[in-house]
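A short write-up of the structure that comes next.
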Amino acid sequence: MYITITAFNSLHGDKPLKHNGIVKLVKEPSNQYDAEAIACEMRHFGKIGYVANSTKTVAMGTMSAGRLYDKIGDEYFAKIKFIINAVAIAQVLTPEEFIDEIENPESDVHFLSENLEKIDLDLIKKSFEGD
């Protein structure tokens, strides 16, 4: 599953983006503009943007925040695969990739999550079986 990340933080611009960088996806159900908003955070920078959720901002072939919303828990992770101008395309980690990241003590998942045990891998596995 691929997603489009847009609306970069004006303080950092696209500076935090790096190929294969880990992005934490955090649901924001109380977001005043979009009830299906999913914020994107990176180590050292905090919130850098959002998963695109508009037909004008979602890159063709990627999943909108609305389509992704029920496929992940309150937080999950993706890895940046492409950076084009002011847009990043990230791949949502498979359960196996997530476990690999947890096993790597240097992975940014350890610095971005307060409690890795609360990640619902069963929900993620079901999401990948459906795609």
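Every number in this text was worked out from the coordinates using simple rules, so none of it is lab data. Bear in mind that the values here come from a model prediction, so they are computed numbers and not experimental data. Every residue, glycine as well, gets a Cβ built from its backbone with ideal geometry; the counts of neighbours run over all protein chains shown.
Taken over the range 2-130, the percentage of Cα pairs per 5 Å bin, counting from 0 up to the bin with the maximum distance, is 2, 11, 23, 26, 22, 12, 4, 0.
Karplus-derived 3J(HN,Hα) values for the range 105-115, using 6.51 cos²θ - 1.76 cosθ + 1.60 with θ = phi - 60°, are x, 8, 5, 5, 4, 5, 8, 9, 9, 7, 8 Hz; glycine and proline are entered as x.
Compute, for the chain, the length of the dipole vector about the Cα centre, with Cβ point charges of +1 (Lys, Arg) and -1 (Asp, Glu) only. Units Debye, rounded to 20.
Working: 14 positive and 21 negative charges, 129 e Å.
For this selection, approximately 620 debye.
Beta bridges from DSSP with both residues in the chain: antiparallel share about 95 percent, rounded to the nearest 5. Take the Cα of Glu117, step 7 Å along the line toward its Cβ, and report every residue of the range 73-101 whose backbone nitrogen sits under 12 Å from that point. Flagged as within label range: none.
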